[in-house]
Structures are given as structure tokens and as C-alpha cells.
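Okay, structure first, notes after.
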Amino acid sequence: MKKAIKKTIGKYVTENTFEKHMGNIANSFARVDASLETHEKVLQEILKEIKAIHEDNKYFRESILSLNTDGISCDKKINNLTVRVEKLELESK
């Protein structure tokens with residue numbers, strides 16, 4: 001809904017009219033500023049959640065890495081034991 005703009009009769013704007021319009025503009029800026037503060041708070045909460053998720057993922061990756069290295073070392077031990085068992089089987093024949 002658009003507001004109709006009143007045309008002034010004279011060429012010049014009076015001081016009273018100017019102050020009234022400047023007050024309206026200041027109120028508009030105050031509403032925008034309040035809205036931006038609300039958005040900033042929401043964005044800060046989102047950023048906090050993203051950082052928490054990032055830390056969780058970092059911990060998960062580090063845990064998986066240690067499990068992977070443990071798995072690889074176990075695989076090497078199993079392969080070494082398999083080779084030793086095969087050699088022992090050959091010697092026993």
C-alpha cells in the first residue's frame with residue numbers, strides 16, 4: 001500500500017515540514033537498524049552451530065584416522081602371520 005505524496009503549494013519547504021519528514025526518515029532507519037540487529041543475532045547463532053559441527057567433524061575425522069591406522073597395522077600383522085604359517089607348513093612337509 002503506497003502512501004500518496006502531498007504536493008506543497010509553495011516553492012519552498014517549511015522548516016516544520018522538513019523536520020517532520022526527517023523524523024519519518026530517522027524512524028525508518030531505526031526500524032531497519034532494529035531489523036538488522038535481529039538478523040545479526042540469528043547469524044551469530046548459525047555461525048556458532050556451524051563451528052560446533054566443524055569441531056565435531058574434526059574430532060570424528062581424527063578418530064577414524066586412528067582406527068584406520070590401527071586397522072592397517074593389524075592387517076600387516078595378519079599378513080606377516082599368514083606368511084609365517086605358510087613357511088612352517090612348507091617346512092613340515
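The values are calculated or read from the model by the stated rules, or taken from the named source; none is laboratory data. Here the structure is a predicted model, which means the values were calculated and not measured. Neighbour counts run over all protein chains shown; Cβ positions are idealised from the backbone, glycine included.
Any chance region 51-62 includes a residue that's among the hydrophobic types (A, V, I, L, M, F, W, C) and over 14 Å from the mean Cα position of the chain (by Cα)? Talk me through it step by step, then tell me what you get.
Within region 51-62, the first condition is being among the hydrophobic types (A, V, I, L, M, F, W, C), and the residues that meet it are 52-53, 60.
From the residues that got through so far, the ones that are over 14 Å from the mean Cα position of the chain (by Cα) too are 60.
Yes, region 51-62 contains a residue that is among the hydrophobic types (A, V, I, L, M, F, W, C) and over 14 Å from the mean Cα position of the chain (by Cα).
Do we have any residue at all in region 11-25 that's aromatic (F, W, Y), exposed (fewer than 10 other Cβ atoms within 10 Å of the Cβ) and at negative phi?
yes
Any chance region 42-49 includes a residue that's under 30 Å from A4 (Cα atoms) and out of contact with any His (no Cβ under 9 Å at 6 or more places or on another chain)?
Within region 42-49, not a single residue is under 30 Å from A4 (Cα atoms) and out of contact with any His (no Cβ under 9 Å at 6 or more places or on another chain).
Against the condition in a helix (DSSP H, G or I) and of a type in the set (D, E, K, R), how does K77 come out, does it pass?
It is true that K77 is in a helix (DSSP H, G or I) and of a type in the set (D, E, K, R).
So for region 9-23 (the condition being among the hydrophobic types (A, V, I, L, M, F, W, C), assigned to a loop (DSSP other than H, G, I, E, B) and modelled with pLDDT under 85), does at least one residue qualify?
Yes: one or more hits.
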